[in-house]
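One structure is given here, and the rest of the page talks about it.
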Amino acid sequence: MKAKVGNNNHEEDGQQLEEGWVLCEKCSIKLKEKNLALHMEKVHDSKPSSAGSEPKNFVPLLVVIGLIVLLIGAGVYYGITSNNGPDDNGIDVPDSDWLDVYSPKFRASIYDDDWWTVSPQQSPSSGKQVAHPSWITERIKNGPILVLAHSEGCAPCIQQQEDVVTIKGIYGSDMQFLDLLSGSDARATEAFGSYDPNGSPNYIPLTILFTLIKDNSGNVRIAWHSHEGATGGEWLTNYVKDAIYYHHENVSGWS
């Protein structure tokens, strides 16, 4: 009589074997199932027949594999839809709700890195009021503004244009962008006259960001920050996010 290897119960002359016991298919001796292979090898110089064996249960393994695949997929999805961090140029790609938890990097003052409501400390006109042109005052109520005054062909101008285009692709719905070509757009000359942080001589490109900030008296005023030359993506990201934040907080008080 052949024994069915792998069953929990086996028959012996019409009687059911206890769980864990089998009959040797060669000599019909009753053995512990775990000892069958060794018995077949030592006594009969053979291996147990696989006929009649039940297939192994691979369901637990498949479940584990499925869970691993799901976890990897979730990680990839989270990486795509969440904050991916700075790219190679230092330009940050934020979460959609970044503004709800954002803290500004800079405050209003006359110092180098801060937002200016008068000419900054390094300017020859330090502390003096600036006469903002109409193409700024008429637009500022609609959102913060990024102005790029540049010429064609200079290496820093090309780099800055590329970074501004990237920033526009990320924050374009919250920012206004003005591209001013020096030599052909009169506004570029006005921009250098009013917002060059170091005064003349002027160097291109000139990048200027505008927002709305409360002064020490609580009045909402136009604030700006500017830089000559290529800034790098991290600089742009910091000031763009600050500009959006401050405008969002103060636009209701602007008239």
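Exactly one of (1) outside any helix (DSSP H, G or I); (2) under 19 Å from I222 (Cβ atoms) is unmet by I136. Its number? Unmet for I136, out of (1) outside any helix (DSSP H, G or I); (2) under 19 Å from I222 (Cβ atoms): (1). Being at pLDDT 95 or above and β-branched (V, I, T) is true of V101. Annotation note: Cβ proximity below 6 Å between a residue of segment 89-117 that is under 30 Å from Q129 (Cα atoms) and a residue that is modelled with pLDDT of 95 or more and exposed (fewer than 15 other Cβ atoms within 10 Å of the Cβ) (sequence gap 6+ or interchain) occurs for F106/D113; I110/Q121; Y111/Q121; D114/R107. If you go through segment 197-213 one residue at a time, do you hit one that is more than 24 Å from P124 (Cβ to Cβ) and free of Cβ contacts under 8 Å to residues at least 60 places away in the same chain? No, the conditions are met nowhere in segment 197-213.
Restricting attention to segment 1-42 and to residues that are at pLDDT 70 or above and aliphatic (A, V, I, L, M), the residue that is farthest from the chain's Cα centre (by Cα) turns out to be I29. Given the condition surrounded by 14 or more Cβ atoms within 10 Å (Cβ to Cβ), under 23 Å from G199 (Cα atoms) and out of contact with any helix residue (DSSP H, G or I) (no Cβ under 9 Å at 6 or more places or on another chain), answer yes or no: does some residue in segment 160-169 qualify? So far as segment 160-169 goes, yes, one or more of its residues are surrounded by 14 or more Cβ atoms within 10 Å (Cβ to Cβ), under 23 Å from G199 (Cα atoms) and out of contact with any helix residue (DSSP H, G or I) (no Cβ under 9 Å at 6 or more places or on another chain). Scanning segment 203-214 for residues that are closer than 15 Å to S255 by Cα and either in contact with a His (Cβ under 7 Å, 6 or more places away or on another chain) or not hydrophobic (A, V, I, L, M, F, W, C) (or both) yields T211, L212, K214. Among residues of segment 235-255 that are under 23 Å from G169 (Cα atoms), those with a Cβ under 8 angstrom from a residue that is of a type in the set (S, T, N, Q), sequence gap 6+ or separate chain, pair up as L236/T207; D242/T211; A243/T211; I244/T211; Y246/T211; H247/T211.
Checking the conditions here, which among S226, S184 is free of Cβ contacts under 8 Å to residues at least 40 places away in the same chain, of a type in the set (S, T, N, Q) and crowded, with 16+ Cβ neighbours inside 10 Å? The unique qualifying residue is S226.
Determine, yes or no, whether G153 is at positive phi and buried (at least 16 other Cβ atoms within 10 Å of the Cβ). Criteria not met by G153. Restricting attention to segment 123-154, the residues being under 17 Å from Y203 (Cβ atoms) and free of Cβ contacts under 8 Å to residues at least 12 places away in the same chain number 1. With respect to (1) in contact (Cβ under 8 Å) with a residue 60 or more places away in the chain; (2) more than 29 Å from the chain's Cα centre (by Cα), the lone exception for D163 is condition (2).
The values are calculated or read from the model by the stated rules, or taken from the named source; none is laboratory data. From a predicted model like this one, the values you see are computed outputs, not experimental measurements. With ideal geometry, Cβ positions are generated from the backbone for all residues, glycine too; neighbour counts draw on all protein chains shown.
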